[in-house]
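Here the structure comes first, spelled out in structure tokens, and everything after it is commentary.
The values are calculated or read from the model by the stated rules, or taken from the named source; none is laboratory data. The shown structure was predicted, so the numbers you read here are calculated from the model rather than taken from an experiment. No Cβ is skipped: glycine too gets one built from the backbone with ideal geometry, and neighbour counts run over all protein chains shown.
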Amino acid sequence: MGGREAPGGGASVHRGRPPGPSIDRDGDTRRPLAAPGRGWLPAGDRPAEAAGGAERLTIAIPARGRLREPSASLLADAGFGPEQPGERALAFPCRNAPVDVLLVRAADVPEYVQDGVVDCGITGADLVLERGAKVDELLRLGFGSCTLEAAVPEEASICTLADLAGLRVATVYPRLARQLLHEGGLECELVQVSGAVEVAPRLGLADAIVDLVSSGNTLRTNGLRSLGALFASEAVLLGRPGGAAGARRLAGILRSVVDARSARYLMLNAPESALEAIAELVPGSRAPSVIPLAEPGMLALHALVPAADVWRLLPRLEAAGASSILIVPVERMLA
Ligand code: AMP
């Protein structure tokens, strides 16, 4: 588990800063804040107004790496920012809600959730499978997207995934790679490395690699050519099977933010005669709202549109007679 050894023994999550007025009031910065297997911040260290009130929920998010900032901003956008602005501790209570956030290694999140150390957690879908944790995926979060790909040196004669049969494949994700290659009918010799997997072929350690790719720049820089994707990953919210109802409620709240991020609210004015043509252009299943304007023969049309379609939509709306077009972000979306 993540965390250093506490003086009293046993790994734990430490606050790592001088005692302050919020949750670590024991005067000992190395004392455990949350012990493995317990799942809650010490009762006496919780904000008083929440301690006696609603059931508290703990969520683990990555302390470092590419999933840290987007995980923290998702919580902040959902109203679960740290109680102390600019909080950099490894565990902190949130303002507005009885939620405690624990920052741990992304790779440890699946076990923390499985073992009940926390009620839910955010990490990459790839890490959930790699760790073989028995957890439920409560929500796909729309960030941290990447694919697990097999790649070979540019000059290699290997052309397809099928050509990898019987060859040596270096990877940081041995369990996931073995499972996916096996599902594709391929048995390879897996060489487990702990980092810098891209150099394994050049060092003669392997014929190919299996690694996570987002832009493909790292592969190109290292003279590697992708043979194709084995798995598509993104950040996910995890809960324990049959776990806390609070975790499912939190998933609902985060879903409203995740859905809203991919939508925009469109407002425009148009002559009545253009309404049919404009309504046909607006994508999505829901009928737009149509509001009469004070100016005779003119209407306002409001609709939710996918953010990704906006650039295609605007010139078509103008050409169809729309004017005073406004596109605004959406904060929350509930079905
Ligand atoms: P990190 O802590 O920065 O090593 O990243 C951990 C997680 O970030 C991975 O397990 C993936 O879920 C996700 N991720 C997104 N894009 C990439 C990428 N290009 N390479 C590695 N991990 C990525």
Among the residues listed as VAL199, VAL193, VAL152, VAL210, the single one being of a type in the set (Val, Ile, Thr) and touching a helix residue (DSSP H, G or I) at 6+ places or on another chain (Cβ under 7 Å): VAL210
Failed criterion for GLU183 (all others in (1) within 24 Å of the chain's Cα centre (by Cα); (2) among the acidic types (Asp, Glu); (3) not assigned by TED's automatic domain parsing to the domain that holds ARG240 hold): (1)
Residue list for the range 54-98, filter: of a type in the set (A, V, I, L, M, F, W, C), within 16 Å of the ligand (Cβ to nearest atom) and touching a Ser or Thr at 6+ places or on another chain (Cβ under 9 Å): ALA60, ILE61, LEU67
In the range 133-166, the residues that are closer than 21 Å to ILE61 by Cβ and in a loop (DSSP other than H, G, I, E, B): ALA133, LYS134, VAL135, LEU141, GLY142, PHE143, GLY144, SER145
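Every residue, every condition in (1) surrounded by fewer than 24 Cβ atoms within 10 Å (Cβ to Cβ); (2) touching a residue at least 24 places away in the same chain (Cβ under 8 Å); (3) closer than 16 Å to ARG240 by Cβ, yes or no:
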{"site": "ASP77", "(1), (2), (3)": "yes, yes, no"}
{"site": "PRO85", "(1), (2), (3)": "yes, no, no"}
{"site": "ARG105", "(1), (2), (3)": "yes, yes, no"}
{"site": "VAL117", "(1), (2), (3)": "no, yes, yes"}
{"site": "CYS120", "(1), (2), (3)": "no, yes, yes"}
{"site": "GLY124", "(1), (2), (3)": "no, yes, no"}
{"site": "ARG131", "(1), (2), (3)": "yes, yes, yes"}
In the range 88-130, residue nearest to the chain's Cα centre (by Cα) [restricted to those that are among the aliphatic types (A, V, I, L, M) and part of a loop (DSSP other than H, G, I, E, B)]: VAL118
Selection count, the range 243-264, where residues are part of a loop (DSSP other than H, G, I, E, B) and farther than 17 Å from THR58 by Cβ: 1
Answer from SER233, SER256, SER226, SER214 - the residue that is surrounded by fewer than 14 Cβ atoms within 10 Å (Cβ to Cβ) and either among the hydroxyl-bearing types (Ser, Thr, Tyr) or within 11 Å of the ligand (Cβ to nearest atom) (or both): SER214
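Can you tell me which residue among VAL101, VAL118, VAL113 is within 16 Å of the ligand (Cβ to nearest atom), in contact with a Ser or Thr (Cβ under 9 Å, 6 or more places away or on another chain) and farther than 30 Å from LEU186 by Cβ?
Just a single option satisfies the conditions, and that option is VAL113.
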Search result, residues across the range 167-187 that are at pLDDT 95 or above, small (Gly, Ala, Ser) and in a loop (DSSP other than H, G, I, E, B): none
